[in-house]
Amino acid sequence: MTQIEQARAGVITPEVEAVAQAEQLDGESVRQEVAAGRLVVPANRAHLAKTLEPIGIGIATRTKVNANLGNSPLTSDTQCELRKLSCAVQCGADTVMDLSTGEDITATRQRMIDAATVPVGTVPIYQVAEQLDDIVDMGPNDFLAVVEQQARQGVDYMTIHAGLLREHVPLTDRRVTGIVSRGGSLVARWMTVHREENPFFTHFDDLCDIMREHDVTWSLGDGLRPGCQADASDEAQFAELRVMGELALRAWDRGCQVMIEGPGHVPMNQIEMNIRREQEWCHGAPFYLLGPLVTDIAPGYDHITSAIGGAIAAWLGASMLCYVTPKEHLGLPNLDDVRQGVIAHKIAAHAADIARGRPGARDRDDALSRARFAFDWDEQFRLSLDPETARRMREETLVETDGVRYCSMCGPKFCSMKNTQEIRNSRKD
């Protein structure tokens with residue numbers, strides 16, 4: 001049985017128990033969340049048999065961060081992507097997605113799965129498109145075969161744009177940026193040429209059967225997510241979201257776990273409404289957001305615009321944030337872009353966890369604050385999200401650390417914490 005089927009049967013699996021321990025929750029409460037569909041444990045049986053360390057994604061657990069990796073037809077190779085994988089996990093990524101669209105997709109994915117201790121996701125239509133001269137040549141069996149292959153390899157969750165219907169495509173005509181999802185645009189083109197319904201929608205039950213066999217978690221893709229502020233929260237986006245909610249119920253009925261993907265580019269004042277609609281229309285299924293980016297004018301800094309929106313969204317109930325790197329909209333991220341993207345979104349996720357009062361969320365902050373007041377620089381670096389950068393920045397102006405009770409901004413005379421300690425000591429006397 002799948003994780004959700006066992007949870008419904010009252011079984012606390014080893015994976016659920018591992019999630020409970022990591023989240024400082026009891027196993028029974030985690031089991032209930034999984035049974036209700038509010039929490040997923042992406043854990044393909046094949047990956048579990050190798051290196052996977054299970055995690056939980058849902059409203060009851062700390063906010064997770066996903067890092068998108070993968071080569072492109074123009075740049076990168078398998079070794080480069082494996083280095084990015086290592087960097088992303090070291091910086092705190094809770095899941096990774098292999099979005100390769102270049103050569104050796106299957107081999108690259110297998111090596112990533114074999115190396116990853118975190119869940120690995122994919123977008124299967126990318127491989128289908130790479131194998132065909134034109135996506136319009138795709139038959140339903142072509143897609144089903146790729147999903148089956150990836151499931152057997154050990155992919156833990158798959159993004160499939162099954163909620164994008166033929167009737168939704170004309171709703172994007174007045175958009176500034178049209179259909180920005182790569183997968184969504186491929187599905188829309190197939191439907192337009194064939195004048196037929198989305199094959200992922202018509203073959204949804206067949207896909208569920210494959211997912212259930214391997215316990216692959218659905219990530220219902222938002223093929224019509226907005227790609228700019230002007231297109232946010234429009235009729236096309238919400239028409240697809242309603243269908244995704246209906247498909248979530250069908251997937252649950254067939255014993256599959258489900259996440260819902262969300263936008264995109266959304267002004268800050270619309271984030272709460274987007275979260276509330278997903279929670280209502282998709283019956284509490286975990287919401288997995290790309291950002292949202294809260295402004296469109298920051299190419300080169302979109303990891304910041306995304307982290308701002310992500311912090312707000314996670315505070316309001318989003319379960320996982322898909323990182324955005326400084327290279328978003330500009331090119332394939334390099335190693336440093338991956339690091340910056342993960343760290344920015346770990347900050348956003350952690351800030352939301354503190355605001356939501358999740359168990360143990362503030363422990364690390366309090367420990368770092370105590371180390372800061374004690375001028376214990378090594379402990380500050382150890383507790384920080386990016387110790388290497390914190391240490392480098394300090395040592396750029398003050399190489400010595402032992403016994404130095406100030407930083408280069410204030411110096412010994414103006415250091416407020418040093419002065420506070422002297423005030424307290426004098427009051428004791």
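The values are calculated or read from the model by the stated rules, or taken from the named source; none is laboratory data. Computed from a predicted model, the values in this text were never measured in an experiment. Here Cβ is always computed from backbone atoms with ideal geometry, including for glycine, and neighbour counts include all displayed protein chains. Protein only, heavy atoms only, side chains kept; ligands, DNA and RNA dropped before computing areas. Shrake-Rupley method; radii C 1.70, N 1.55, O 1.52, S 1.80 Å.
Brief remarks on what is shown
- Near residue 412, once Lys and Arg are set to +1 and Asp and Glu to -1 for all other residues with Cβ below 12 Å from its Cβ, the sum equals +2.
- Average accessible surface area per residue within the chain, 1.4 Å rolling probe, Å²: 43 Å²
- For residue 424 and residue 26, the FRET efficiency from 1/(1 + (r/R0)^6), where r spans their Cβ atoms and R0 equals 35 Å, is about 0.30.
- Between the exposed loop cleavage positions of the chain, defined as GluC sites (Glu not before Pro) in a non-H, G, I, E, B DSSP state with at most 16 neighbouring beta-carbon atoms within 10 angstrom, the longest gap is 198-395.
- Take residue 329: with every protein chain present and a 1.4 Å probe, its accessible area is about 120 Å².
- D by Stokes-Einstein for region 1-138, Kirkwood Rh over Cα pairs, 10 °C, 1.306 mPa s: 98 µm²/s.
- Value of relative contact order over the chain, rounded to a whole percent, pairs C-alpha under 8 Å and six or more apart: 15 percent
- Relative contact order of region 288-361: 33 percent, from C-alpha pairs under 8 Å at least 6 residues apart in sequence.
- Summary of packing: across the peptides 168-176, 89-97, the per-residue average of other C-beta atoms within 10 Å ranks them, highest first, as 89-97, 168-176.
- Where the Cα pairs of region 344-429 fall when distances are cut into 10 Å bins, in %: 15, 39, 30, 15, 1
- Between the residues 58, 179, 192, the greatest Cα displacement towards the positive end of the dipole of the chain, with unit charges on the Cβ of Lys, Arg, Asp and Glu, is found for 58.
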